Ligand SMILES: Nc1ncnc2c1ncn2[C@@H]1O[C@H](COP(=O)(O)OP(=O)(O)O)[C@@H](O)[C@H]1O
Ligand SMILES: [Mg+2]
């Protein structure tokens, strides 16, 4: 009997659109002969919906069409429960007035908060259903750039120094704002990077070249998250590495992003697409191996499973390797870096999806892998 895979797409984060793009690629690539595919969308407001058309029709839609469908208000009443009767199959049952589906594994193709951050993973744990990717702890720690830095610092891997801004403290009064500004200016010279701790896809990120941009950047970042990092600028090449596996993970060939704009921002990532990708990246053997080794060590230290894309900086003047960030559900369109790196390493997109599904089952059944 075919296993039923629930592909969850959209979601409530700022990366809703990115998720739709990723999920369309996934839907096109999952092997229908092997799996039953049940796509379910989550609107930006958090409503869960089945898609009524057959998979083949859905695959031909644009991400904008999927978004519009998810935004349409209508009664759907999608319910979920664990399948206590184990009937007809699957450990999770989803249903509404018109339809009922039993699910064997969840593939949350969701990026950002309420998707990549341990929340849907926790729901899967409660429902006792296998799922693709990192578990609750790894997902939530990886979602928080400051928490991640704390873990990575125990490995003796270089990272950009940062100053943490907490909304409640920073916004207390003008004096506190001025104090923190001075602290930052004493510690770092401009430019600095300002980032919300808990987003992704460059949302809310500023490169500040002076005090005014710093203050504006902090306000912008605080509008997305109560926790903000102000980081020293690393003048570096941007190198990414794909990690795949559970407890003995493997590393892909690293790749390089050459941003078109001043930094790799949201528009450039998903809409303008003017950045260049070099796959595999031109690195010395020593640099490549160091990045792959650090990537695997970070993956393990974070307790990741399934997949992660780990991003590094290679400093231009010194060649030093800095860890930048980790994504436990990286962009997954056919042209996204993570799948592209695996393709260059010898695993095609379709096979990659297959392996991720297998890893999800193996993790659930406590098999090594
Ligand atoms: N400390 C830094 N020094 C130099 N460039 C940075 C730094 N931090 C971020 N950037 C630039 O900003 C981009 C987005 O930052 P990143 O931390 O990767 O956030 P996101 O999770 O949104 O991808 C990076 O790809 C890089 O171009
Ligand atoms: Mg990034």
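Can you give the FRET efficiency to the nearest 0.05 for residue 34 and residue 316, using r as the Cβ-Cβ distance and R₀ = 41 Å?
Numbers: r = 46 Å, r/R0 = 1.12.
My answer for the efficiency is 0.35.
GNM on the chain, alpha-carbon springs under 10 angstrom: the most fluctuating residue among 276, 121, 294 is 276.
Counting only DSSP beta bridges with both residues in the chain, the antiparallel share comes to about 75 percent.
For a modelled paramagnetic label at residue 348, 7 Å from Cα along Cα-to-Cβ, the residues of the range 1-38 in reach, with backbone nitrogen under 18 Å, are 25-35. Against the chain, whose longest principal axis is taken from its Cα atoms, helix 174-187 shows a tilt of about 80°. Largest GNM mean-square fluctuation among 151, 218, 357, using the chain with Cα springs under 10 Å: 151. For the range 210-254, relative contact order (Cα pairs under 8 Å, six or more residues apart, normalised by length) works out to 21 percent. Label-to-label distance, residue 45 versus residue 248, with points set 7 angstrom from Cα along the beta-carbon direction: 5.0 nm.
Distance between Cα centroids, the range 281-307 to the range 82-135: provide it in whole Å. One Cα centre to the other: 30 Å. Against the chain, whose longest principal axis is taken from its Cα atoms, helix 285-301 shows a tilt of about 60°. One way to sum up the overall shape of the range 118-205 is the equivalent ellipsoid from its Cα gyration tensor, whose semi-axes run 32, 16, 11 Å, largest first.
Counting 0.36 nm for each residue step from residue 211 to residue 174 and taking away their Cα separation leaves a gain of 11.9 nm.
In the range 209-333, Rg over Rh equals 0.99, where Rg is the alpha-carbon radius of gyration and Rh the Kirkwood radius from pairwise Cα distances. Here the calculated FRET efficiency for residue 187 and residue 286, from their Cβ-Cβ distance with R0 = 35 Å, stands at 0.65, rounded to the nearest 0.05. Rounded to the nearest 10 degrees, the inclination of helix 211-222 to the longest alpha-carbon principal axis of the chain is 20 degrees. In summary, the chain shows an alpha-carbon radius of gyration equal to 1.01 times the 2.2 N^0.38 Å reference for compact globular proteins.
Any read-out appearing in this document is the output of simple, stated calculations on the displayed coordinates, not a laboratory observation. Not measured: the values here are computed from a predicted model. Please note: Cβ atoms are built from the backbone with ideal geometry, for glycine as well, and neighbour counts cover all protein chains shown.
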